[in-house]
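Enquirer: Just passing along the structure, written as structure tokens.
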Amino acid sequence: MKLHIKNIEKDFNSILKQKKLRNTKQRKQILEAFFSTDGHISVDEFYVLMKKINPQIGYATVHRTLQLFDELGIAESVKIGNKKKLYEHKYAHKHHDHLICIECKEFIEITSDELEILQKKLAKNFDFQIIDHKLIIYGICKNCKK
């Protein structure tokens, strides 16, 4: 599914307005660049990308903006142990969970209708309303087991 940055910008501007935050030129550049990426990216990797777009941009600005995206729900962060967080955007992605190799740090995205059904059943059994969730299973991938 192709992302339409204008729709994302509209949603982002609406969220910023609700939170009484300004949309700066740098936030707009970061938003456009972030939503042109696919997969998981660290702040360091994304900062290198942003420096090519705007050589004056600061690391703290990039870091804070990615954290803001996560807080606002338009991105999601995943952390492996004591390693740095990785971010991915939540637009045009079907909900998925992760298998993460603790050796090579490979992310395997998984989707499972059975798992989603089980989660709903568990929530119902405990009279619990699910707002959001993410499942991360840590282990060793087939390549690292060799």
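The values are calculated or read from the model by the stated rules, or taken from the named source; none is laboratory data. Worth saying up front: this structure is predicted, and the values here are computed from it rather than measured. Cβ coordinates were reconstructed from backbone atoms using ideal geometry, including for glycine residues, and neighbour counts include every protein chain displayed. SASA here: full protein model, heavy atoms, side chains in, ligands and nucleic acids out. Shrake-Rupley method; radii C 1.70, N 1.55, O 1.52, S 1.80 Å.
Enquirer: Name the longest site-free stretch of the chain, where the excluded sites are chymotrypsin sites (Phe, Trp or Tyr not before Pro) in a DSSP loop with no more than 11 other beta-carbon atoms within 10 Å.
Expert: By the stated rule (loop sites, at most 11 other Cβ atoms within 10 Å), 1-125.
Enquirer: Once the principal axes of the Cα atoms of the chain are found, what is the range along each, listed largest first in whole angstroms?
Expert: Sorted from largest, the Cα extents of the chain read 46, 42, 29 Å.
Enquirer: ³J(HN,Hα) across segment 5-10 via Karplus (A = 6.51, B = -1.76, C = 1.60, θ = phi - 60°), whole Hz, x for Gly/Pro?
Expert: Here the 3J(HN,Hα) series is 4, 5, 5, 5, 4, 4 Hz.
Enquirer: Right, something else. Can you pull the three principal axis extents for the Cα set of segment 1-76, in Å, largest first?
Expert: Reported extents, whole Å, longest axis first: 30, 30, 19.
Enquirer: Over 31 Å between Cα atoms: which of 17/90; 20/79; 94/121; 10/79; 90/142; 28/120 fall into that group?
Expert: Violating the 31 Å Cα-Cα cut-off are 28/120.
Enquirer: Can you give me the solvent accessible area of residue 144 with a 1.4 Å probe, rounded to the nearest 10 Å²?
Expert: Residue 144 exposes around 50 Å² with every protein chain in place.
Enquirer: Ignoring ligands, DNA and RNA, please state the percent of accessible area on segment 1-49 from carbon and sulfur, probe 1.4 Å.
Expert: In segment 1-49, the share of accessible area belonging to carbon and sulfur is 51 percent.
Enquirer: Determine the sum of side-chain charges near residue 73: Lys and Arg each +1, Asp and Glu each -1, restricted to other residues whose C-beta is under 14 angstrom from that of residue 73.
Expert: That works out to -3.
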